[in-house]
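These notes are about the structure you will find just below.
The values are calculated or read from the model by the stated rules, or taken from the named source; none is laboratory data. Owing to the predicted nature of the structure, the values given are computational and were not obtained by experimental measurement. Surface accessibility is based on the protein's heavy atoms, side chains included, excluding ligands, DNA and RNA. Shrake-Rupley method; radii C 1.70, N 1.55, O 1.52, S 1.80 Å.
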Amino acid sequence: MRKGEAQGANAAQMITAVALGGLLALGVELMVLLLGAAAVSNGILKEDAAAQVTAAACVLGCLIGGLLACSRWSARRLLAGLAVGAVCYLLILAVGLLMGEGFQPGPQALVELAGCLLGGAVAGVFGGRKGKKKRGPARKK
């Protein structure tokens, strides 16, 4: 395999890993938000806790999506985790624009961005390879 072909295969592997991780992160985030909405409607949580539930959903979703991306693209784990966080945030923005709310810059948008990037970074630092590299047999002198 030539060097250009190997770089092309690595780029394709990176794109699929980040895309799948971003979609998984968005799905997990929506499920956590659904559980949070159910907790508010049952009276377990107060309505004022919506910002905290949103931040926790961002971190948890991007953590799980980042772990998936790091397992599929272990060459640059931190970059993969941060990319998943960015993709998930962009998907959240796209869903918000499609729902007709528009983009409203403010503290909640910064909290969501920070939560997504934090979850992805934690996944990049702690995800990926398990265990140490196995070394070959030692040479005898």
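Can you work out the accessible area per residue across region 55-119, with the rest of the protein chains kept in place, probe 1.4 Å, in square angstrom?
About 53 Å² of surface per residue is accessible.
Quick one: Cα convex hull volume of region 23-123, Å³ per residue?
88
For region 56-98, with equal point scatterers placed on the C-alpha atoms only and solvent neglected, what are the log10 I(q)/I(0) values from the Debye formula at q = 0.14, 0.21, 0.34 1/Å, to two decimals?
Taking Cα atoms of region 56-98 as identical point scatterers yields -0.32, -0.63, -1.10.
Once neighbouring chains are kept in place and the probe is 1.4 Å, which whole percent of the accessible area of region 19-82 is contributed by carbon and sulfur?
About 69 percent, which is the carbon plus sulfur part of the accessible surface.
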